[in-house]
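**Student:** Dropping a structure here in structure tokens format, bear with me for questions.
The values are calculated or read from the model by the stated rules, or taken from the named source; none is laboratory data. Everything numeric here is computed off the predicted structure, so don't read it as measured data. Cβ coordinates were reconstructed from backbone atoms using ideal geometry, including for glycine residues, and neighbour counts include every protein chain displayed.
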Amino acid sequence: MAFDRLLNVARKEFSDHITSRRFIIILGLLLVISAISIHEGIEQYNDNLESYTEQFQYMQESDDPYSSWMPSKPSIMYVFISMMGYMTMLGGILAIAIGFDQVSKEKETRSLKTLLSHPVYRDEIINGKALGGVGALGLAMALALAIAIAMLLVFSVVPTLNEFVAILIFGAVSLAFLLAYFAVSLTMSTVSKESGNALIYTLVIFFAVSSLLPMFGTMAADAFAGDPPEPPDAFVSKEVVRTVSGSGYYTSSSSQSVVYGGEEDPAWKEYEEEMKPYVEKRRFISDISNILSPQMNYYTVAMAVTNPEISAMIYSPYDAASEETPGLADALGRVWMNIAALIVFPSAFFAATYVKFMRMDIR
Amino acid sequence: MIRTENLTKVYNGKPAVDGLDLEVGEGEIFGFLGPNGAGKSTTILMLTGMIEPTGGRCFVDGIEVAKDPLKVKEIIGYLPEDVGFYGNMTGEQNLDYFARFYGMNAKERKERIADLLDLVHLGGVTQKAGEYSRGMKQRLGLAQALINDPKVLFLDEPTANLDPEGVREYRDLVSRLAGEGKTVFVSSHILSEVRAVCRTVGLLAKGKLVAQGTLEAVARTLAPADGDAVQIVVETRERLPEIEDPEILAVERNGNRAIFRAKTDIRDRLAASLFEQGVHVREMRLEEPDIEDVFMAVYRR
């Protein structure tokens, strides 16, 4: 019976969400942008595949000494990289739109008092509300993924089993990201008496953790890690710095070893040895700050799912490149802290919501 | 049916309800009177299991509310003051949502909701509750309070938003529900409203129960002591003559009419004296304390 009551609340909340104008509009926008970016991603994938095939044929036919070296086959997961960018913005807005007035509106219209006069416990109400919201966001995510997969199939791109699993994991990670902001907005809705205030508080947190925290992390890294070691004079001009960017927020750099005539230069090697702890220290400092940002965690984990190679390079810039493409499990293993943070962040806000709702004055 | 023992609720160090001892019998229509802020709504919230008392206990049908609020909620109906609904749903959908908490099956819900909507004259209304007038919301509130066919009905300021016709219908409904053996607990600060429907009342002021009983008994209890004086109203056909009686304290004359303030009820002696003087008596009665005045005096305290 207790579960029936919870389900009754969840069913109503889910129905309210998926029939609300604001949900339909934002979801529609999300799906349209999703479809366009997937289409672009598929075209890019096909181009890459074509280049790969040509290169593959060339290497098989030629007597080139590097013929044993094979370029990695493009993955259809590249298609989903573009989803990350708008998921963090539109998806975040969708999650906030669902949660920011879930409790405060009931306080404003006094329907909460009416509801509580019927045989239902407060925890069943708040859990039901959370479940309804999660269901609506799950539906939005499922629709986005379904459209993506349908488009892949329409363009004759058939995912392998591993790729299909990766797509599902990408969906789960994206949903976890949406839940983070849903949880924030639900908490603010419970804390605030008015929906307008709840929305403002949520947006403040949204921008603080999505923009301020990463900036703060970079500033803290600059301040605490000190100046980077100087490269050897003779090789300054030969330093290669590679920058990996993801949707404008993610920036990381690594240096490449310089090898001459098959022998590594000792001065350069020494420089690398000094650079390694410096980079590690910088990353450690910025990671501490970034771990609190759902955006950063999402980028990190989603990158590990969609592009394990880049993810591995970001995490271990000084490790020798493996001959084999890192597997999904390895890539996810490297970002376990970010995965944990994606779970802990919404859980903490849900817990705060629960405590506040249970103690709420309903006069 | 309803009992409280030293019921207390403290908000921010201030007692909203202070050691309330109350008893309401089965089938009674009980009026819970008091000025705004007296603690009426807080008491109802504790009785309906929506907030926990700071001290004391309350029982509904023998069930201690704080220990088993869900069981209590299953047998009560509650119409909150300024009742609220889900504006994006129709009245029927709102009632269906609430009815599901009572484990009613689809057929039961449909029949019950149709009956209740007809009862409150909202049958066939397809508007969303957000578009309802305040009176319509109040009527829908009454329907939701009756959704589970409750044994005890708590009504907080039930006529606040009703038009005169709605008030009349509400009064008929409450009388009918009491006739069916239901206990009705009406909270209001409007004496005339309570007077119209309630058989017994309790008067709350500053969180404390000032008096409980029938309206007249409560009024007598609360009337200013004024020694033990009684007031006797007399009207005669002829001019009222001088009357000598050691019990008379004062006389307020107005032509053929006078109000005697006396130590005791001397109507028999007054009547005899007037008869002896050949004066025809048109009216002679003991003046009861004015209930409105008595209650207003308590409200102003």
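This table checks each residue for (1) under 25 Å from A:S156 (Cβ atoms); (2) within 14 Å of chain B (Cβ to nearest Cβ); (3) in contact with a His (Cβ under 8 Å, 6 or more places away or on another chain).
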position: A:A2; (1), (2), (3): no, yes, no
position: A:K12; (1), (2), (3): no, yes, no
position: A:T19; (1), (2), (3): no, yes, no
position: A:F23; (1), (2), (3): no, yes, yes
position: A:L29; (1), (2), (3): no, no, no
position: A:I33; (1), (2), (3): yes, no, no
position: A:S37; (1), (2), (3): yes, no, no
position: A:Q44; (1), (2), (3): yes, no, no
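**Student:** Please enumerate the residues belonging to the range B:262-275 that are touching an Asp or Glu at 6+ places or on another chain (Cβ under 8 Å) and surrounded by 17 or more Cβ atoms within 10 Å (Cβ to Cβ).
**Tutor:** Passing the criteria: B:A262, B:I266, B:L270.
**Student:** Ok, one more. So is B:V125 buried (at least 22 other Cβ atoms within 10 Å of the Cβ) and in contact with a Gly (Cβ under 7 Å, 6 or more places away or on another chain) or not?
**Tutor:** No, not satisfied.
**Student:** Related question: Quick check: is even one residue across the range B:17-36 touching a Leu at 6+ places or on another chain (Cβ under 7 Å), more than 11 Å from chain A (Cβ to nearest Cβ), polar (S, T, N, Q) and within 20 Å of B:A211 (Cα to Cα)?
**Tutor:** Within the range B:17-36, not a single residue is touching a Leu at 6+ places or on another chain (Cβ under 7 Å), more than 11 Å from chain A (Cβ to nearest Cβ), polar (S, T, N, Q) and within 20 Å of B:A211 (Cα to Cα).
**Student:** Can you go through A:M219, A:M215 and tell me which one is in a helix (DSSP H, G or I), among the hydrophobic types (A, V, I, L, M, F, W, C) and more than 20 Å from the chain's Cα centre (by Cα)?
**Tutor:** When all the criteria are applied, what remains is A:M219.
**Student:** Select from the range B:92-110 the residues that are farther than 27 Å from B:K40 by Cβ and either more than 8 Å from chain A (Cβ to nearest Cβ) or in contact with a Gly (Cβ under 7 Å, 6 or more places away or on another chain) (or both) and list them in ascending order.
**Tutor:** Once the filter is applied, which keeps residues that are farther than 27 Å from B:K40 by Cβ and either more than 8 Å from chain A (Cβ to nearest Cβ) or in contact with a Gly (Cβ under 7 Å, 6 or more places away or on another chain) (or both), the range B:92-110 yields B:E92, B:Q93, B:D96, B:A99, B:M104, B:N105, B:A106, B:K107, B:E108, B:R109, B:K110.
**Student:** Starting from residues that are closer than 23 Å to A:I96 by Cα and β-branched (V, I, T), keep the ones in the range A:113-146 and report whichever is nearest to the other protein chains (Cβ to nearest Cβ).
**Tutor:** Restricting to residues being closer than 23 Å to A:I96 by Cα and β-branched (V, I, T), the top hit is A:I125.
**Student:** Same structure, new question: Give the residue, chosen from B:G87, B:G141, B:G130, that is within 22 Å of the chain's Cα centre (by Cα), within 11 Å of chain A (Cβ to nearest Cβ), at pLDDT below 95 and outside any strand (DSSP E or B).
**Tutor:** One residue alone meets the criteria, B:G141.
**Student:** Look at the range A:121-136 and say how many of its residues are touching a Leu at 6+ places or on another chain (Cβ under 8 Å) and either of a type outside the set (V, I, T) or under 22 Å from B:Q138 (Cα atoms) (or both).
**Tutor:** Of the residues in that region, 9 qualify.
**Student:** Further question: Output the helices (runs of 4 or more DSSP H) that fall wholly within the range A:1-118 and possess 3 or more residues being within 31 Å of the chain's Cα centre (by Cα) and over 30 Å from B:I147 (Cα atoms), or say none.
**Tutor:** Here the list reads A:21-61, A:78-86, A:92-99.
**Student:** Would you kindly identify the strands (runs of 3 or more DSSP E) lying entirely within the range B:185-271 that contain at least 1 residues that are acidic (D, E)?
**Tutor:** B:230-236, B:248-254
**Student:** Name the residue, out of A:A142, A:A146, A:A176, that is touching a helix residue (DSSP H, G or I) at 6+ places or on another chain (Cβ under 6 Å), hydrophobic (A, V, I, L, M, F, W, C) and either touching a residue at least 60 places away in the same chain (Cβ under 8 Å) or assigned to a helix (DSSP H, G or I) (or both).
**Tutor:** It is A:A176.
**Student:** Limited to the range B:31-57, what total is found for residues that are crowded, with 24+ Cβ neighbours inside 10 Å and hydrophobic (A, V, I, L, M, F, W, C)?
**Tutor:** Number satisfying all stated conditions: 6.
**Student:** Just for helices (runs of 4 or more DSSP H) wholly inside the range A:225-318: which have at least 2 residues that are surrounded by 20 or more Cβ atoms within 10 Å (Cβ to Cβ) and at pLDDT below 80?
**Tutor:** Passing ranges, in order: A:266-290, A:308-315.
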